[in-house]
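Read the figures in this text as sums done on the coordinates, not as results from a lab. Keep in mind it's a predicted model, so treat the numbers as computed, not measured. In this analysis, Cβ positions are derived from the backbone assuming ideal geometry, glycine residues included, and neighbour counts consider all displayed protein chains.
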Amino acid sequence: MSRRCAVVGGGILGAAVAHRLVSTGVADEVVLFEKEDALARHQTGRNSGVVHAGLYYPPGSLKARLCRSGVGMLREFCLEHDVAYDEIGKVLVALDETEAGRLTGIEESARANGVPGVRRIGADELRELEPHVHGVAGLHSPTTAIVDFPGVTRALARLVVEGGGTCRLGTEVTGLRESATGVVVGSRGPDGEREETYDHVVICAGLQADLLARGVGAPEEPRIMPFRGEYHVLRPERRHLVRGLVYPVPDPRYPFLGVHLTPRVDGEVLVGPNAVLALAREGYDWRTVSPADLAGMVGYPGFRRFARKHWRTGIAEMRGSLSTRHFVAAARRYVPELAVADVVPGPSGIRAQAMDRDGGLVDDFRIDRQGRVTALRNAPSPAATSSLAIAEHLVDHARDAIAGGP
């Protein structure tokens, strides 16, 4: 009996899942829906392009396991399909002895996760690696890489089509509902509105994931909260200030990592991101406001608890968003030579961060199944790095459901 499967979301995760479904033959018909007129328009095309090695993630967590397996799968895929991939290395820079002390735990996690070549370095070796970077110590990860994630997405989608699947661009999924025979997918696209029934649906819709999942009876929580990350870009004549990826040491008191410096495969060097609450799920600037989205965020008890705990951090992040001087000052702690004149405004992206009712940010990947629907409910960094491994994990776990119904 023919099995039909729909994948919602044309970012790297949706494309990877669709490719996995086609290449393994789990489904006879695979349709990838993307509401934009091109792939990778949201998180995939708006992140920094870093292939994370797995330094921070708790050993044994889904993030740690899928990141480490995903790195190897991604590297091989890029080599096979001629997509830019460059192991430029990464250094976590400790600014003082307190931060240097935190490096021990990160190094232990990295080794437990199987990250190759990770080692502690002192101030002298840090200067050898990054002559313009200041710090008292560091943790060097030589295999951390940068990649063209939109290029990976396009290559995956091309393989989907070559394998007999379909990519429907410019087609928004407007709703999902269960029926006696499958999942009814409502969509709106170039040919108008339509409803079609599929045996299984996989939601990889990022910022819209929770809304779509709730349409088929999935729990309302966790909720997606959109945090915008804004970047500046180094002027070409100042790109020499960093050779590889320069990152801060994570502070467990704060929910986000903080400003760092990131070379890209196109030669640009990003400075950022900050993290401010977006005023719409797809609010890439302060001018984009959705009253409905904003009411949903502010009305959520989890957000109010989160805001009470982190309001000081939120104010500091907003200050950096509204002032280039404050933004650059955060990066200058690591690169003292950096000046306001060295940067120009860059792109912005939105992190689709799942939040529980108690105000806690969901840290690990979360994949839920509701009848004939599998939903990727939380996929923050390193989801792009882990995309091929996430697709393998998700499809393998949903194989029986796709092949035999709920």
Residue of Gly302, Gly170, Gly105 that the Gaussian network model of the chain assigns the largest fluctuation, springs spanning Cα pairs under 10 Å: Gly105
If I build a Gaussian network model for the chain, linking alpha-carbon pairs within less than 10 angstrom, which residue out of Gly267, Gly60, Gly320 has the largest mean-square fluctuation? Gly267
Rank Pro150, Pro336, Pro222 by mean-square fluctuation in a GNM of the chain with C-alpha springs under 10 angstrom and give only the top-ranked residue. Pro336
For the range 90-142, I need the span (max minus min coordinate) of the C-alpha atoms along each principal axis, in Å, sorted largest to smallest. 30, 23, 12
Please work out how much length the chain gains when fully extended from Asp400 to Glu125, using 0.36 nm per residue of separation minus the C-alpha to C-alpha distance, in nm with one decimal. 93.8 nm
Return the Rg/Rh value of the range 225-361, two decimal places, where both radii are evaluated on C-alpha atoms and Rh is the Kirkwood radius. 0.99
Can you give me the P(r) profile for the chain? Cα pairs, bins 10 angstrom wide beginning at 0, each as a whole percent. 5, 22, 32, 26, 12, 3, 0
Principal axis dimensions, the range 170-246 - Cα atoms, whole angstrom, descending: 61, 33, 18
With a 10 Å radius around each residue's Cβ, average the other Cβ atoms per peptide and rank 50-59, 269-278, highest first. 269-278, 50-59
Please state the relative contact order of the range 225-361 as a whole percent: Cα pairs under 8 Å, 6+ residues apart? 36
Between Thr166 and Arg235, Cβ-based FRET efficiency (R0 30 Å, step 0.05) works out to 0.10
Once you keep just the Cα pairs under 8 angstrom separated by 6 or more residues, what percentage relative contact order results for the chain? 23
For the range 40-131, what class follows from the C-alpha gyration tensor (a ≥ b ≥ c being the square roots of its eigenvalues): rounded when a/c is under 1.5, otherwise prolate if a/b is larger than b/c, else oblate? prolate
